[in-house]
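Participant: Below are the structure tokens for one structure; questions will follow.
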Amino acid sequence: MKCPFCNFQELIKTNEVIFTSKNFYCIKDIKPISRGHILIIPYKHIREINALSSLLFNDLLLTIKKASSHLKKKYKQTPLIFINNKNDQSVNHLHIHLIPKRFGILGIDKALREIS
Ligand SMILES: [Zn+2]
């Protein structure tokens, strides 16, 4: 089966892409936990964060910072940021979740229950 996240050109055509950086793009999650739930995705088919080069990792952090600032400005909330275990990913292509919603202390378990 073709990887949907490798299909960047198709996503661009359907206006699903919110913004892009040199090595990553950002889309709305198709099953959002809250308004503004987005994903940051590398153009390259990379399975997990440990497979990123230092260059890509640095660019990822800058892209997360950019997306986080965007969400904070738009939704007045600093986002929760997480990456699922590679065996728990719905799409086997690295993607980082940013959710501009408060979950409270140790609220990540609640967020993960809502996403699965
Ligand atoms: Zn892929």
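Coordinate-derived values only; no laboratory data. These figures come from a predicted structure and were not determined experimentally. Methodologically, a virtual Cβ is constructed for each residue, glycine included, from the backbone with ideal geometry; neighbour enumeration extends over all protein chains shown.
Participant: Using only helices, what value at 222 nm comes out for the chain when you add -39,500 (n - 2.57) per DSSP H run of length 4 or more and divide by the total residues, to the nearest 500 deg cm²/dmol?
Facilitator: -9500 deg cm²/dmol
Participant: Also: Going by the alpha-carbon gyration tensor, a ≥ b ≥ c the square roots of its eigenvalues, is the range 33-114 rounded (a/c under 1.5) or, if a/c is not under 1.5, prolate (a/b greater than b/c) versus oblate?
Facilitator: Because a/c hits 1.5 or more and a/b fails to exceed b/c, the range 33-114 counts as oblate.
Participant: I would also like to ask the following. Once the dipole of the range 1-98 is set up with Lys and Arg at +1 and Asp and Glu at -1 on Cβ about the Cα centre, which of N92, C6, I18 lies farthest towards its positive end?
Facilitator: I18
Participant: May I ask which of K28/K73; K31/K72; K13/K101; K2/K72; K44/K76 have a Cα-Cα span longer than 23 Å here?
Facilitator: Working: K28/K73 16 Å; K31/K72 20 Å; K13/K101 29 Å; K2/K72 34 Å; K44/K76 31 Å.
Pairs exceeding 23 Å: K13/K101; K2/K72; K44/K76.
Participant: Sorted by average packing, counted as other Cβ atoms within 10 angstrom per residue and highest first, what order do 31-39, 68-76, 6-14 take?
Facilitator: Ranking the peptides 31-39, 68-76, 6-14 by packing returns 31-39, 68-76, 6-14.
Participant: Quick check: pseudo-label points 7 Å beyond the Cα along Cα→Cβ at I30 and I83, how many nm apart are they?
Facilitator: Calculated label separation equals 2.2 nm.
Participant: Can you compute the modelled spin-label distance between V91 and N15, with each label point 7 Å from Cα toward Cβ, in nm?
Facilitator: 1.9
Participant: Taking amide H positions as placed in the peptide plane 1.01 Å from N, state which residues far from F19 in sequence (5 or more) or on other chains have amide H under 5 Å from it.
Facilitator: C26
Participant: Taking the chain as a whole, which cysteines find no other cysteine Cβ under 4.7 angstrom from their Cβ?
Facilitator: C26
Participant: Is there a quick way to get the dipole size of the chain? I mean about its Cα centre, with the Cβ of Lys and Arg at +1 and of Asp and Glu at -1; what is the value in debye to the nearest 20?
Facilitator: Once rounded to the nearest 20, the dipole reads 460 debye.
Participant: Related question: Between L55 and Y75, what's the calculated FRET efficiency when r is the beta-carbon distance and R0 is 30 Å? Round to 0.05.
Facilitator: The pair L55/Y75 has a calculated efficiency of 0.50.
Participant: Can you tell me the FRET efficiency between Y43 and R102 if r is taken as the Cβ-Cβ distance and R0 is 35 Å, rounded to the nearest 0.05? The partial results should precede the final answer.
Facilitator: On the way: r = 31 Å, r/R0 = 0.90.
Efficiency, from the Cβ-Cβ distance: 0.65.
Participant: Taking θ as phi - 60°, what are the ³J(HN,Hα) couplings along the range 71-86 by the Karplus curve (6.51, -1.76, 1.60), each to the nearest whole Hz, with x for Gly and Pro?
Facilitator: 5, 4, 5, 6, 10, 6, 8, 6, x, 6, 10, 8, 10, 5, 3, 4
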